[in-house]
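Undergrad: Structure incoming, see below.
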Amino acid sequence: MYRRIARWVEQHWQCPVRSMATVARRRKGLPSAFPVLDLPLKPIHRHIYEANIRNSTACKNKYMELREKVKKGSGENAIARHTQRNKKLLVKDRLQLLLDDEDFLELSPFAGLGLPYGDIPSAGCLTGIGRINGLWCVFLANDATVKGGTAYPITVKKQLRAQEVAIQNRLPCVYLVDSGGAFLPLQSEIFPDKNQGGRTFYNEAIMSAMKIPQVSVVCGSCTAGGAYIPTMAEETVMVHRIGTIFLGGPPLVKAASGEEVTPEDLGGARLHAEVSGCVDHFVWGEKEAYEYTRNIISTLNYQLPEEESNEEKAKKGEEEPLYGSEELLGLAPLNYNHSLDVKMVVSRLTDGSRFQEFKARYGTTLVTGFAKIHGHQVGIVASNGELSYEASLKGSHFVQLCDQRDIPLVFLQNTVPRPGLTLSPAQAEINTNCLKARGAMMSTVACASVPKITVVIGGCHGADSYAMCGRAFEPNFLFLWPNARVSLVAPGHGGSLLPPGREAEELKEEQEMNSKLKEESSAFFSSGRLWDDGVILPQDTRKVIRDCLDIIQQQQYQLSTEKLRSPLLRV
Ligand code: COA
């Protein structure tokens with residue numbers, strides 16, 4: 001009898017679960033023997049390579065300097081206030097307790113640096129994607145050492161980007177809330193507009209209805225707007241004597257009614273777990289809070305595939321590239337004149353340096369083709385010169401091909417600076433054709449429904465940045481190498497923005513424009529403003545792309561994805 005029931009359960013109930021896992025385990029690509037791109041460095045490249053290395057070393061030093069600066073946060077006094085007086089853990093210690101390991105993908109660590117209103121380390125909030133019990137989750141963790149975790153405009157932007165990453169890639173989201181709400185001196189830049197503070201809560205509702213799980217941990221103040229984050233999350237953990245949730249704190253109550261009330265009585269963990277029901281789990285300390293959260297994540301309905309051993313990976317044909325990733329430092333162009341054949345970059349990123357090129361003899365200023373990165377099949381679209389008429393047509397064709405085959409795209413962007421327009425009739429025709437072809441490529445890139453990852457390996461200027469899937473074209477992830485330059489017009493080409501036929505003294509204006517372009521085009525300027533998901537070192541690119549592809553793939557292991565009509569409501 002029992003055996004019959006067990007068989008029935010296996011057939012009717014467990015089967016879908018098991019079959020999905022089995023399919024995931026069994027799913028493997030068809031065998032491939034893509035040609036090897038054996039492109040060693042030739043003596044003729046040496047001087048370019050060495051100039052690039054010198055520039056990359058300077059950029060790397062700047063990168064390390066900024067990492068140190070961000071790590072120090074708001075300085076020793078703020079850290080002492082946070083850890084000793086307020087008895088709270090620092091964000092890095094919180095993440096250590098929450099995540100499986102330190103191998104997480106941090107998003108935009110330099111956001112907030114060099115802004116008109118000052119340096120805001122980590123934009124006051126660490127965001128990224130890390131594994132909890134094997135499951136990739138987005139985390140958003142306020143850093144209360146930065147002005148009490150209050151939200152600056154850049155904090156809001158960073159939080160919204162993290163939620164966007166969660167939505168686009170269907171990733172569970174964990175909020176570690178420790179925030180005094182809005183940074184009041186900049187309230188007009190935070191409050192009313194579409195992509196400002198309120199959007200965080202809108203997103204929470206939309207994500208819940210999309211069945212993107214959200215868990216929050218109240219490990220500090222949740223004041224004013226901050227109070228809605230835990231209240232709208234699906235499950236909330238709150239730490240005794242550390243967490244508070246209220247719209248107006250004790251000083252406000254005193255001012256309004258003259259009544260003296262403690263933070264605990266007004267909005268502590270006991271009150272919210274026992275009376276208001278705003279939180280679901282009361283915990284005595286922070287350590288317990290992260291254990292609880294890890295357990296909550298393991299209740300989510302995912303069936304992850306078994307981890308592959310190195311032998312299994314080798315069997316699948318996962319090989320390292322022929323050349324060391326450090327060589328990418330010499331291939332990271334100092335400027336367009338120092339760009340070597342982009343296939344040299346491709347060969348240092350793909351498994352076994354293998355690459356099945358598409359349309360190798362047509363539109364050669366764009367390189368397109370198929371490759372594997374840590375076993376994931378991808379379509380690569382790489383700038384190798386001007387995005388000409390032919391190159392744009394080829395780009396459109398290849399992007400559509402990948403879209404049709406459901407193959408993720410990796411864009412390697414390096415825009416050629418554009419000279420001033422020659423306004424002869426013959427040139428006008430060439431320009432117009434080019435415009436049409438680039439417009440077509442932009443349309444295909446915008447409409448391709450496959451995941452897209454963009455790495456700016458050199459220049460990112462003007463409309464080429466759109467066709468090569470810049471930020472406005474919503475790639476799932478966009479990273480910059482530290483040598484990258486991001487501006488409407490390349491530095492040194494400021495004259496193309498000004499009217500032609502100027503007098504000698506007016507050239508001063510051009511010089512000023514060029515020095516402004518130079519200053520504003522650095523990768524760090526861009527990342528400080530959150531125009532990207534972060535600056536990565538060239539030698540880490542293969543690993544970062546692998547993580548992104550693993551992260552994007554995870555959604556297929558969620559067992560229940562059918563959209564709800566409304567979000568989960570805490571009633
Ligand atoms: N806007 C601007 N600055 C704020 C702020 C706010 N809402 N809340 C706190 N700060 C600043 C403080 O002035 C202080 O700045 P300083 O380091 O230059 O002196 C810093 O943040 C830390 O605040 P402090 O009160 O010393 O730290 P704390 O750890 O004891 O308390 C808070 C932190 C957030 C709990 C507490 O400051 C608070 O309750 N703030 C008011 C929150 C509020 O009413 N928000 C409403 C927003 S709509």
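Undergrad: Rounded to the nearest 20 Debye, what is the dipole magnitude of segment 75-298 about its Cα centre when Lys and Arg each give +1 and Asp and Glu each give -1 at the C-beta? Could you put the intermediate results ahead of the total?
TA: Working: 20 positive and 25 negative charges, 62 e Å.
Once rounded to the nearest 20, the dipole reads 300 debye.
Undergrad: Can you give the angle from 0 to 90° between the axis of helix 286-297 and the longest principal axis of the chain, with both taken from C-alpha atoms, to the nearest 10?
TA: 70 degrees
Undergrad: Throw me the Rg/Rh for the chain, computed over C-alpha atoms with Kirkwood Rh, two decimals. Walk me through the numbers before you get to the answer.
TA: Details: Rg = 26.0 Å, Rh = 25.8 Å.
Rg divided by Rh gives 1.01.
Undergrad: Can you give the translational diffusion coefficient of segment 59-197 in µm²/s, computed by Stokes-Einstein from the Kirkwood radius over Cα pairs at 10 °C and 1.306 mPa s?
TA: Numbers: Rh = 15.5 Å.
Answer from the Stokes-Einstein relation: 103 µm²/s.
Undergrad: Next question, about the same structure. Lysines within cross-link reach of residue 313: Cα-Cα under 21 Å, excluding same-chain residues under 8 positions apart?
TA: 28, 372, 543
Undergrad: Mind checking the log10 I(q)/I(0) for segment 60-117 at q = 0.22, 0.29 Å⁻¹? Debye, one equal scatterer per Cα, no solvent, two decimals.
TA: Reported log10 I(q)/I(0), two decimals: -1.09, -1.18.
Undergrad: Now for a separate question. Just the number, please: percent antiparallel of the DSSP beta bridges in the chain, rounded to the nearest 5.
TA: On the way: 26 of 64 bridges.
For the chain, the DSSP antiparallel bridge percentage is about 40.
Undergrad: How big is the antiparallel share of DSSP beta bridges in segment 361-556, given as a percent to the nearest 5? Intermediate values should be presented prior to the final figure.
TA: Working: 9 of 26 bridges.
Counting DSSP beta bridges with both partners in segment 361-556, the antiparallel share is about 35 percent.
Undergrad: I would also like to ask the following. Across all directions of projection, what mean area in square nanometres is found for the Cα convex hull of segment 75-298?
TA: On the way: hull surface 48.5 nm².
Hull-based average projected area comes out at 12.1 nm².
Undergrad: OK, next. For residue 62, go through the aspartates and glutamates and keep the ones whose alpha-carbon is under 17 Å away, minus same-chain ones fewer than eight residues off.
TA: Qualifying aspartates and glutamates at Cα under 17 Å: 119, 519, 520, 540.
Undergrad: Just need the relative contact order of segment 239-323 here, percent rounded to a whole number, with Cα pairs under 8 Å and 6+ apart.
TA: Relative contact order here is 25 percent.
Undergrad: How are the C-alpha pair distances of segment 402-470 spread across 5 Å bins, as whole percents from the shortest bin up?
TA: Histogram of Cα-Cα distances, whole percents per bin: 3, 16, 20, 22, 17, 11, 6, 3, 1.
Undergrad: Ok, one more. A 20 angstrom limit on the alpha carbon distance is what I want to check against. Which of 394/436; 72/518; 60/518 exceed it?
TA: On the way: 394/436 13 Å; 72/518 28 Å; 60/518 18 Å.
Distance filter (> 20 Å) returns 72/518.
Undergrad: Hand me the trypsin sites (Lys or Arg not before Pro) from segment 133-217 located in a DSSP loop with no more than 11 other Cβ atoms within 10 Å, in residue order please. Numbers along the way, then the final one.
TA: Values: sites: 147, 157, 158, 161, 170, 194, 199, 211; in loops: 170, 194, 211.
Listed in order of number, the matching sites are 194.
Undergrad: What does the highest-first list of 232-239, 266-273 look like by mean Cβ count within 10 Å?
TA: On the way: 232-239: 25.9, 266-273: 20.6.
Answer by packing, highest mean first, reads 232-239, 266-273.
Undergrad: Using DSSP to call loops (not H, G, I, E or B), can you name the GluC sites (Glu not before Pro) in segment 85-187 whose Cβ has at most 10 other Cβ atoms within 10 angstrom?
TA: 102
Undergrad: Let me ask another. Averaging sequence separations of C-alpha pairs under 8 Å and six or more residues apart, then dividing by the length of the chain, give the relative contact order as a whole percent. Intermediate results must be reported in sequence, preceding the final value.
TA: Details: 1094 pairs, mean separation 85.4, N = 571.
Relative contact order comes out at 15 percent.
Undergrad: On a straight-distance basis, which aspartates and glutamates could pair with residue 287 in a cross-link, Cα separation under 16 angstrom, same-chain partners fewer than 8 positions away excluded?
TA: Qualifying aspartates and glutamates at Cα under 16 Å: 93, 100, 101, 178.
Undergrad: Please work out, to two decimal places, the log10 of the ratio I(q)/I(0) at q = 0.25, 0.27 Å⁻¹ from a Debye calculation in which every Cα of segment 258-335 carries one identical scatterer.
TA: -1.15, -1.21
Undergrad: Roughly how far apart, in whole Å, are the Cα centres of segment 31-104 and segment 388-410?
TA: Going from one Cα centre to the other spans 32 Å.
Undergrad: Using the alpha carbons of segment 527-571, what is the convex hull volume per residue in cubic angstrom, as a whole number? Provide the component values of the computation, followed by the final result.
TA: On the way: hull volume 6.8 nm³, N = 45.
For segment 527-571, the hull spanned by Cα atoms encloses 151 Å³ per residue.
Undergrad: So what is the 222 nm mean residue ellipticity for the chain from helices alone, if each DSSP H run of at least 4 adds -39500 (n - 2.57) and you divide by all residues, rounding to the nearest 500 deg cm²/dmol?
TA: Values: 20 runs with 210 residues, N = 571.
Dividing the helical sum by the residues of the chain leaves -11000 deg cm²/dmol.
Undergrad: Once the convex hull of the alpha carbons of segment 361-556 is built, what does its volume come to per residue, in cubic angstrom?
TA: Taking only Cα atoms, segment 361-556 has a hull volume of 119 Å³ per residue.
Undergrad: Another one. In percent, how large is the relative contact order of segment 75-298, given Cα pairs closer than 8 Å and 6 or more residues apart?
TA: On the way: 451 pairs, mean separation 35.1, N = 224.
Across segment 75-298, relative contact order equals 16 percent.
Undergrad: While we're looking at this one, here's another question. Give the Cα extents of segment 159-210 along the principal axes, in whole Å, largest first.
TA: Extents along the principal axes: 35, 24, 16 Å.
Undergrad: Kindly express, to the nearest 10 degrees and within the range 0 to 90, the angle between helix 425-447's C-alpha long axis and the longest C-alpha principal axis of the chain.
TA: The angle comes out at about 30 degrees.
Undergrad: Grab the other residues whose beta carbon is less than 14 angstrom from that of residue 161, score K and R as +1, D and E as -1, and report the net.
TA: Details: positive: 157, 158, 199, 471, 529; negative: 106, 164, 474, 532, 533.
Around residue 161, the charge tally is 0.
Just so you know, all these numbers are worked out from the coordinates, no wet-lab data involved. Being a predicted model, the structure only gives us computed values, none of them experimental. Methodologically, a virtual Cβ is constructed for each residue, glycine included, from the backbone with ideal geometry; neighbour enumeration extends over all protein chains shown.
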